[in-house]
1. Whole-Hz ³J(HN,Hα) for each residue in the range B:875-884, computed from phi via Karplus 6.51 cos²θ - 1.76 cosθ + 1.60 with θ = phi - 60°, x for glycine and proline: what do you get?
2. Compute the helix-to-body angle for B:3-13: its Cα long axis versus the longest principal axis of chain B, expressed 0 to 90° and rounded to tens.
3. For B:67, B:302, B:676, which order do you get if you count the other beta carbons within 10 Å of each Cβ and list the fewest first?
4. Between beta-carbons, use under 14 Å as the cut-off and find the net charge around residue B:468, counting Lys and Arg +1, Asp and Glu -1.
5. What ³J(HN,Hα) values, in whole Hz, does the Karplus curve 6.51 cos²θ - 1.76 cosθ + 1.60 give for the range A:12-28 when θ = phi - 60°, with x put for Gly and Pro?
6. Counting other beta carbons within 10 Å of each residue's own, what order do B:325, B:425 fall into, fewest first?
7. What do you get for Rg/Rh of the range B:361-487 when both radii come from the Cα atoms and Rh is the Kirkwood radius?
8. Can you find, among B:248, B:838, B:609, the residue sitting farthest towards the positive end of the charge dipole of the protein assembly as shown, where Lys and Arg contribute +1 and Asp and Glu -1 at Cβ?
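Read-outs throughout are calculated quantities, based only on the coordinates presented, and are distinct from any laboratory measurement. Note that the structure is a prediction, hence the values are computed from the model and not measured. Because the Cβ atoms are built from the backbone with ideal geometry, glycine has one as well, and the counts that use them run over all protein chains shown.
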Amino acid sequence: MAGRRNQTLKPRWFQILLALSDQNRHGSDIVREVLAQTDGELRLWPAMLYGSLEQMAAEGLIEEVPDHVRPEGASARRRYFAITESGRGVLAAEADRLDGLARAARAKNVLGQERST
Amino acid sequence: MSLGLLRRLYRRLLIVLPADFRRRNASAMEEAFGEALEGSASSRVGRLGTLLSAAGDVVAFAVLARWRWFTARRSGRAHHSNDHSPNKEPPVLKALARDAWFTIRSFRKAPAFAAVAILTIGLGIGATTLVFSVVYGVLLRPLPYDDSDRLVNVWNDLIEERQFLPAVHPADFRDYQQMSETFQEFAAASGAQAVGVQGVLTGEGPPQHVDASSVTHNFFRVLGVDPILGRHFTEDEEAVNGPNVVILSHELWSTRYGRDSSLVGKSVQLDSQPYTVVGVLPAGFRLLLPDEAFLVKHSDLWVPLQQDYNSLPPRNWTWFTVLGRLQQDIHLEQAQAEMDRIAEELRATYPAHANSGMQIRLVPFHHDIVKQARPALLTLFGAVGFVLLIACANVAHLLLLRGAARQKELAVRSALGASRTTIMRQLLTESVVIGVLGAGFGLLLTNGGLQLLTALQPPNLPRLTELGMSGAVWGFATAAALATAAVFGLAPAYHASRTDMTDVLKEGARSGRTRGTMRARNLLVIGEIAISLVLLVGTGLMIRSFKALQDVEPGFEPSGALTFRVSLPNSGYPGGTEIRGFFDELHTQLAGLPGVQAVGGVSQLPLTGSTPLWPYAYDDETASNFNLSADGKTVTDGYFDAMGARLLEGRAFTTQDHAQSDPVVIVEEMLARRAWPNESPIGQQLQILAANTFVTVVGVVEHMRNYDLREDLREQIYVPLSQRSSRNVSMVVRTAGEPMSLAPAVRNAVWAIDESLPVDNLRPLEAYTRDAMGESQFTLMLMTVFGGLALVLAAVGIYGVISYAVDQRSHEFGIRIALGARPERLVRSVMASGTRLVLASIGIGTLASLALARSLEGLLFEVSAFDPGTYAAVAVVLAAVALLACYLPARRTASSDPVATLKSE
């Protein structure tokens, strides 16, 4: 995990962490949330989604929610995921980095072109 | 296709994933796929698109996971990698992976074979995937509107008037809203002129003319598109003399107003009046409409359709574009049945509808938009499929050769204990590797091709901006790679694995001459040449058709004229006097420019879409129904001269025709023939626009093709601008020099009179005829590329086969020459067998072409799909190329030194 902070986070991973930041979600719920977050730009198809989730779990960014703490009545086929402390840290660091970039861009007046006429 | 079936297909597909990943995730993935299916459009096509995208996702992930495993293993980390890597693979997958690795290494020893095979398959897959991506993007993918399957376009067919347009009378539109129960909602749109808006933006920045349309308040809601800023129009804003409000396109908001998010609620200067901006549409929103749509078009600026429903012309005047959203769970047939009943009721109530035999026709929105492009795209898809087959045949042939050359190697492996299955699996893996690498190369080609297409912007290809490398395209390329690998790999692999290995080892070096392989090769060549012939016949017919289209006389002289459009705002030009004054002045200015031969103006140039229809009558009988209609245009004095249209009888308009003089018209030949077949039309009376509005015919002009270069469609009526003014006028300036060189002078001439006026659409007149041919040109271009590709591949194929056959006989030739045979005789004998092959292929190809010809008919113009000249020419060219490909290897062997040949054996 030590090296993670110096790398940029894959956009897909960033969106997944963001989707999990406010509540635990299962796969399809993550797909919907990411769609909403990106105005429909990023659609996570199942294989890439679960591939990413497993890799992220292996890196300790998220963890699978054990059966006994799943929401009541949840389908047994669904796997629920939660963000870890480490995941929160990485998410915050990446958001910070993006914010820095956006600020730099705004300072050079390349963002949104605030009425040049 | 049922949801259950699609889910089952998806479940099957998951087999390609690493096993333990699949075990952990398969059921969750199926569930996610099921939700994606339910969320996608309810049409079969929409679901298929979802399946293709999901398939691309699975295959891409499977490849990626295995790639990671390989790289991890190579760097010795396999047992450290996390647990979804396939390190507990079942033996078959492991063996496959090993075979693939082995194959890639073996290509290093035969780089020429590998390169040729991969490039050939790559060309085939690339071309096919490119056409597929267009077919998918245009024909298959749902429209970019919410739940677009439920959108329907409403057409009115006025049978007696031979008018079939997606256009509706405003009062009918209201009636549909009240009477229909199968529709959730109807919405209408029309040109901005219908509500008196020209679309001239002033204020900040230079004056700019933008495309504008008017829409009912619910229009974007019915489409399923919401503004990203602000709101929709409200019903109150639709009232006559309602507030001045606009909704802007994202593009206009970005380019002219710098994405100022505080613009909503502020006003902009439109036609010198303040209009409040109430909304901004999302980026990438395009209003897609069928080509026949009337007045309304994709616009940068939208105003409410403030139509006065209390004062309307007769019901056979149609100028609303109406679309409807079907109720959930209502089928098109149910809605059509209801609309048939409504049409019947309207015909019973309104004489105008009874006389015109009005019928309402519902057309699914998607179908309406792509119907023109569909036949050409499907033909191209078929054609490119043939190219892929030829590529497969060539590679199959290469593999047969390679199999023959490797017989010894395979025999040794088999002697060392490799089973037949093992050998066949390894050979098949080789095909799959070629297929997959070829697909990789092909995808690069597809990507380049798509960029080229977007840059070329073929006219009449709808939805061009939506094309891209979607998941479906990746899925298709993957499927194509595997399918082609099966097509070109199965037979050679089976063949090679079946050969009796002991014989091979015993026989010695000269191998691969069994009768079976030779027959297989001959069949491949026959197939290739026959398919090429089919493709080349298609290309030939297209070329002839395109030539015929180029030779069409459109009724005017397209070359040597510059055109541009001027729109006069209400402010500054309140009435006819000011408008006429402006155009008189402009005429004088333009005529004075050096090199200018004639100047004229018209309310709408030919070949620029639908023209307003004017009802007319020429005698008592036609006046009683008043249901004939013609394309109506307002023109200035010099228009016919400037267009280079011939005046057939009478005179052109002059300065003597003015507001106070008798109203006059000029008609074109179709109308003249219909109304006065046996007498001169000059001096006859015509009623136009409304009953008892009499005008005198003073001239007859040639028919100008107005909608389509292919046919005369409707009669045409011209009135002078001095008697019926128009604010939107396209000027035509005929010049001795290069038309575009006049552009700066023309702009200055307009601005010398009024510097606030925008000068738009500065283009040569020729550009419009070129656009009208664009669709044919696009199809022709691709067909020519595919035909050429087929010809080259087929020539290479036959060269390879004959060359190989000749090489195999070089021993025999050496002996025969040594015994005194003349080289020419040997060449002749090789040529004879080549000729037999070529003749058989041409026979089969001709029959196949004849069988397929009918599918081309819709794309051809003035050429029969059975045109014997084209068939003969193609057969001769193909035979010449094929025989040349036979002659070269025959000649080479016959002229080689027999002693050297025999020694080398």
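1. Karplus-based 3J(HN,Hα) across the range B:875-884 equals 4, 5, 4, 5, 4, 4, 4, 5, 5, 4 Hz.
2. Tilt relative to chain B: about 40 degrees.
3. Working: B:67 10, B:302 27, B:676 17.
Ordered from fewest to most neighbouring Cβ atoms within 10 Å, B:67, B:302, B:676 come out as B:67, B:676, B:302.
4. Working: positive: A:43, B:141, B:463; negative: A:41, B:466.
That works out to +1.
5. Whole-Hz 3J(HN,Hα) from phi for the range A:12-28: 5, 5, 4, 5, 5, 4, 4, 5, 8, 5, 9, 6, 6, 9, 9, x, 5.
6. B:425, B:325
7. On the way: Rg = 20.7 Å, Rh = 17.9 Å.
Ratio of gyration radius to Kirkwood radius for the range B:361-487: 1.16.
8. In the protein assembly as shown, that residue is B:838.
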